[in-house]
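Presented below is the structure to which this report refers.
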Amino acid sequence: MGKCISLTALQNQRYRHSFGKAGLKSVTTDLGDGTVMHFWIPKSHKPNKPTLLLIHGIGANAMWQWNPFISRFSSKFNVYVPDLLFFGDSYTTLPDRTEAFQARSIMRAMEAYGVARSMLVVGLSYGGFVGYSMAAQFPEAVERLVIGAAGVCMEEKDMEDGLFKVKSIDEAATILLPQTPDKMRELVQLTFYKPPKILPSCVLTDFIRVMCTEYLEERKELIQALHKDRKLSDLPSITQPTFIIWGDQDQIFPVELAHRLKRHLGENAQLLITKNAGHAINMEKTKEWFKPMRSFLIDPLPPKHENHGDDGKADEEV
C-alpha cells in the first residue's frame, strides 16, 4: 500500500508555484562559515523599484507566511524573502542562536545579491526581532522598518510577572513548536482571535511531520536565546521610521508590548492597533495589515497616525 498524499507537501508546492509566478526564484547561498541561507529573490532586479525584505516568524517557512502578499508586493518592489536559519533550507553549524546573528546572516546574503543599502524591511513576530536587529546593526542598509506583532521590548522578568499566558520558556517552546495535534490546537487557539473550529488530527499530524520536526532542538535554542537575560535597557534605539502594527487580542505578545515599543522609539514610530485580531494578524486581517503597511513603505514622507492605539484605543482600518 502506497503512502498517503501529504496535503502539507502539496500546499508547499502550490506556494512555490505562487512565488515563481510572482517573479521570484529560489536560491541557496553558502556564506562560507558553515552558514547556508535560502532566499527567494527577484528573477530580475529592477533598479527603478525599491527593495523590500520580508522576514518571517517562527512556524513553517517563509512561503507559508508571506504567500497572501507576495504577488501584490512584487508588483511594486524588488522582493527578497529569506528562510531564517533552521527554517526551510537555511542552517548553520555555528552555535550562535541570537536574532543578531540571524540579522547578520541575512545582511551577508543580501550583500552577496548586490543589495546593501536603502532596504525596506518587514518583520513578522520573530522576524520583527531580526528586522529590528538589522536596523540597529546596519542603519545605512535599512531605510524603513515594519514591526508586526513582535515583542521586541519584552524583558525576561515579564514572564514571572505574569504578562504571558505561559509560565516558563520551556512551556512556550512546547506550544510554539508543537509536536502533537493537541499542542497544535493550543497554538492555534493562542494565535487566532477566531480560530478554526474544525482541525482534524490527521491534517495537523501531517503538518507537524512536514513542517515542525526538522531542526527542533535548534529552534528551541532560538526561543531560549530570544528570552534569556533580555532587558529593555539593553535594547538599542533605532532612528529609521518604524511602523508598528498589532492585534488588540494578541495572546502571544500582548498588546502592552506594542505600546512599550512605541514609547521606546518615540517620534520615529507609528503605531496601529487592529481591532478583533490576534497574533496571526497577517492571516486574520490581511487587508488591515497590507494597506497601511504598503502606504508606509511607498509614501515619500509617510504621514504620522494620530495616536492610533497609543492612547489605548483600537482602530481597525487606516
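Here are the numbers:
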{"item": "Helices (runs of 4 or more DSSP H) completely within the stretch 196-309 that count 2 or more residues being farther than 21 Å from residue 52 by Cβ", "result": "201-211, 216-227, 256-265"}
{"item": "Considering residues of the stretch 153-185 that are touching a residue at least 24 places away in the same chain (Cβ under 8 Å) and among the small types (Gly, Ala, Ser) only, the residue nearest to residue 207 (Cα to Cα)", "result": "173"}
{"item": "Near pairs, Cβ below 8 angstrom, 6+ apart or cross-chain, from the stretch 103-122 (in contact (Cβ under 8 Å) with a residue 60 or more places away in the chain) to any residue that is of a type in the set (Phe, Trp, Tyr)", "result": "109/39; 113/39; 113/80; 115/80; 120/77"}
{"item": "Residues within the stretch 89-118 that are touching a helix residue (DSSP H, G or I) at 6+ places or on another chain (Cβ under 8 Å), surrounded by fewer than 24 Cβ atoms within 10 Å (Cβ to Cβ) and either at pLDDT below 95 or among the aliphatic types (A, V, I, L, M) (or both), tallied", "result": "4"}
{"item": "Matching option when the condition is closer than 27 Å to residue 133 by Cβ, assigned to a strand (DSSP E or B) and hydrophobic (A, V, I, L, M, F, W, C), among 58, 41", "result": "41"}
{"item": "Number of the condition not met by residue 188 [criteria: (1) at pLDDT 95 or above; (2) part of a helix (DSSP H, G or I); (3) buried (at least 19 other Cβ atoms within 10 Å of the Cβ)]", "result": "(3)"}
{"item": "Matching residues in the stretch 65-86 - criterion: being over 23 Å from residue 299 (Cβ atoms), touching a residue at least 60 places away in the same chain (Cβ under 8 Å) and in a helix (DSSP H, G or I)", "result": "65"}
{"item": "Near pairs, Cβ below 6 angstrom, 6+ apart or cross-chain, from the stretch 186-212 (within 27 Å of residue 247 (Cα to Cα)) to any residue that is of a type in the set (Ser, Thr, Tyr)", "result": "207/8"}
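The values are calculated or read from the model by the stated rules, or taken from the named source; none is laboratory data. If you're wondering where the values come from, they're calculated on a predicted model, not measured in any experiment. Cβ atoms come from the backbone with ideal geometry, glycine included; neighbour counts cover every protein chain shown.
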